[in-house]
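Just below is one structure, and these are the notes that go with it.
The values are calculated or read from the model by the stated rules, or taken from the named source; none is laboratory data. Everything quoted here is computed from the prediction, not taken from an experiment. Here the Cβ positions follow ideal geometry from the backbone for every residue, glycine too, while neighbour counts run over all protein chains shown.
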Amino acid sequence: MTKLISKTIALLILTSFSMLKSQSVKEILKQNGSFRKDTIFSIKSDSKETYLPVTIIKGKEKGPVFTIVAGIHGYEYPPIIAVQELLKEIEPENIKGSLIIIPIANVESFLKRVPFVNPLDQKNLNTAFPGLSNGTPTDQIAHLITKEIIPNSTIFLDIHGGDASEDLLPFVCYYNRKDTPENTKRAHELSVKLGIQYVVSYPYTLTSTEPAKYAFKEATQQGITALSIEAGKLGTVQKDNVDLIKTAVYNMLENSGNYAVKKSKTVNQKSTVLLNQQDYIRVPENGIFYSELKSGDKVKKNQILGYISDEFGNKKYDIVSQTTGIILYKVGTPPVNKGETLFCIGYNE
């Protein structure tokens, strides 16, 4: 009986959400005046249903359209909680231009506590862009963000953190797209003013017809100034990372010209460290992972970073660094599966 009541309530909530969605993002942005509007994009695929929540905050004065996305991975909690707090704090009268905010992009992953993938179709939204209009729920979410959100953005910010198994060093990143130098320069300028010490630039080699896979790479491909913040780890809420994300967002909004009121903030006084190369160490075989290292630790080339054993405790592989750099993120839990990213080491050359 309890399950039946829960399902009925969930259906009623989804139905009411579906009724709210009556306009496109572009139509809402064209409306006059200063306002906040919460809207829902309903998603149906066969018998599976979900939704994409979107908030639009428009100020009285003209300005950039700044998009903030959290929860592409629903188990990455600090970005989601930080955006929830921002939604409570930001008032339309303090905004120049507009904000488009997706508070939880992967609602099913969040509600079901499933790391990395959407439980409705077992797909990773972070590798699904540009998506498909008639695909599975994950495909459709990616398609909606690709077609409804990104083209209406001046600046696109995708906020991530360490998922259930990931130990992660906070950093901000962007793609070094050389054929759009103004966007790349703007992304770099915004990055170094966030108050996050580590700034990572990724190489950009996509052609116009290749799938971007990642949300902020899709925005980069569309010619939008795009960045991503990474903060939080191991599938828990850490207040310091929530506060770090909020401070970074406020700093970015002020520097983009979107926030009209000076926001009290604490800026990291440590000098910015730019990392323009990454070395990804993959898991060679299923097993149990041992390492005394953590995110933020510095490592040297040929250093043993840890080892993998089998179920009987027999060591199978030493994990050796091929570069000298700093651990941006690593697997922070014992089980590992072949092909997963075990370490990401950032360095500069």
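Taking the residues in segment 226-245 that are of a type in the set (D, E, K, R) and under 14 Å from the mean Cα position of the chain (by Cα) as candidates, determine which candidate is nearest to Tyr75 (Cα to Cα). Filtering first and then ranking leaves Lys233. Taken over segment 190-211, the criterion of being surrounded by fewer than 21 Cβ atoms within 10 Å (Cβ to Cβ), in a loop (DSSP other than H, G, I, E, B) and not basic (Lys, Arg) is satisfied by Gly195, Gln197, Tyr204, Thr205, Leu206, Thr207, Ser208, Thr209, Glu210, Pro211. Look at (1) in contact with a Lys or Arg (Cβ under 9 Å, 6 or more places away or on another chain); (2) touching a residue at least 40 places away in the same chain (Cβ under 8 Å) and you find that Thr184 fails only one, number (2). Filter segment 43-80 for residues that are surrounded by 17 or more Cβ atoms within 10 Å (Cβ to Cβ), without any contact (Cβ under 8 Å) to a residue 60 or more places away in the chain and either of a type in the set (Gly, Ala, Ser) or not in a strand (DSSP E or B) (or both) and give the result. Gly71, Gly74, Ile80, listed by residue number.
With respect to being under 19 Å from Lys88 (Cβ atoms) and either touching a helix residue (DSSP H, G or I) at 6+ places or on another chain (Cβ under 9 Å) or in a loop (DSSP other than H, G, I, E, B) (or both), Lys246 fits the description. Taking Ile288, is it at pLDDT 95 or above and closer than 28 Å to Asn276 by Cα? No: the conditions fail for Ile288. Pairs meeting the criteria (first residue in segment 214-225 and at positive phi, second residue at pLDDT 95 or above, beta carbons under 8 Å, at least 6 apart or on different chains) are Gly223/Thr180; Gly223/Asn183. Counting only residues that are in a loop (DSSP other than H, G, I, E, B) and either closer than 17 Å to His160 by Cα or of a type in the set (A, V, I, L, M, F, W, C) (or both), segment 212-227 holds 3 of them.
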